[in-house]
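Trainee: I'd like to ask you about the structure that follows.
The values are calculated or read from the model by the stated rules, or taken from the named source; none is laboratory data. What you see is a predicted model, and the numbers here were worked out from it, not measured in a lab. Methodologically, a virtual Cβ is constructed for each residue, glycine included, from the backbone with ideal geometry; neighbour enumeration extends over all protein chains shown.
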């Protein structure tokens, strides 16, 4: 898979998955950093799971007529979910984007040796301080302090020489972005036939960002084929489950939910205040009070002994 897909292109996951129309199941766990809208066209997929996907904010199902299970459980950062039930994306349109990606890879591969040669010229002294000033690698007033092998010089040289490769990536992003936007618009322009499609269960248990997004929840509940699952029906109190072990339950509690319960965020905060931390504070206070009691008892006993000693001396003087 091309490195460009995840370095610059904003729908790498959607393009890769949509380019495999025979996929029937896509199951992932803690799949990270899926940038962009993640638009998908999955004509044969019945089950899609992004369980605990991290640093992923959006997924949009353009076309998945056989989908019956969409699992987004504990995808905490995700906010935007759409099930459009639009038209299938033609493979020929996807191939156009792949050609952009392939051409970009070839241009980057051709540019890399040139960049390495330029860097070496700077490092070896072929290019001097006057060249650095002319190329704006250093300010004129700092010309005499220019050192290509210093940390600052190294950063300036790499940034300067890498500029052309960045331009290649940016041009590819713009071109592929325009092509992808046209694909998405064409798919969504077809009137959905959601009522004629099989029911699709969308698991949003502990997906806190989604459940708090009114736009997403309105969209999902407005789709006649979607059944939203926010709570675990097997839990006795209708609570939420963690579904991913101890740490998932911890994060659910930390982010506002709780594995095995349905407390609100404020309830959890109150529990924390009255719970373990509160006990620690109570113990500390007890120890302080205990120390104070010991100190005060010690002082009192010394004062009492001194007073008794003074009284004994006074009695002896009177007797004398």
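Trainee: What's the number of the only condition in (1) within 20 Å of residue 184 (Cα to Cα); (2) modelled with pLDDT under 95; (3) surrounded by fewer than 18 Cβ atoms within 10 Å (Cβ to Cβ); (4) within 26 Å of the chain's Cα centre (by Cα) that residue 2 fails to meet?
Mentor: Here residue 2 meets the rest and fails (1).
Trainee: Still on this structure, please answer the following. Among 201, 121, which is the only one that is assigned to a helix (DSSP H, G or I) and modelled with pLDDT of 95 or more?
Mentor: Checking each option against the conditions leaves just 121.
Trainee: Restricting attention to the range 161-170, which residues are touching a residue at least 40 places away in the same chain (Cβ under 8 Å), assigned to a helix (DSSP H, G or I) and either over 11 Å from residue 107 (Cα atoms) or outside the structural domain of residue 107 (by TED's automatic domain parsing) (or both)?
Mentor: 161, 170
Trainee: Name the one entry in 147, 154 that is surrounded by 12 or more Cβ atoms within 10 Å (Cβ to Cβ), free of Cβ contacts under 8 Å to residues at least 24 places away in the same chain, closer than 27 Å to residue 105 by Cα and in the same structural domain as residue 104 (by TED's automatic domain parsing).
Mentor: 154
Trainee: Another question, if that's okay. Quickly run through the range 129-144 and pick out the residues that are surrounded by 13 or more Cβ atoms within 10 Å (Cβ to Cβ) and outside any helix (DSSP H, G or I).
Mentor: Passing the criteria: 135, 137, 138.
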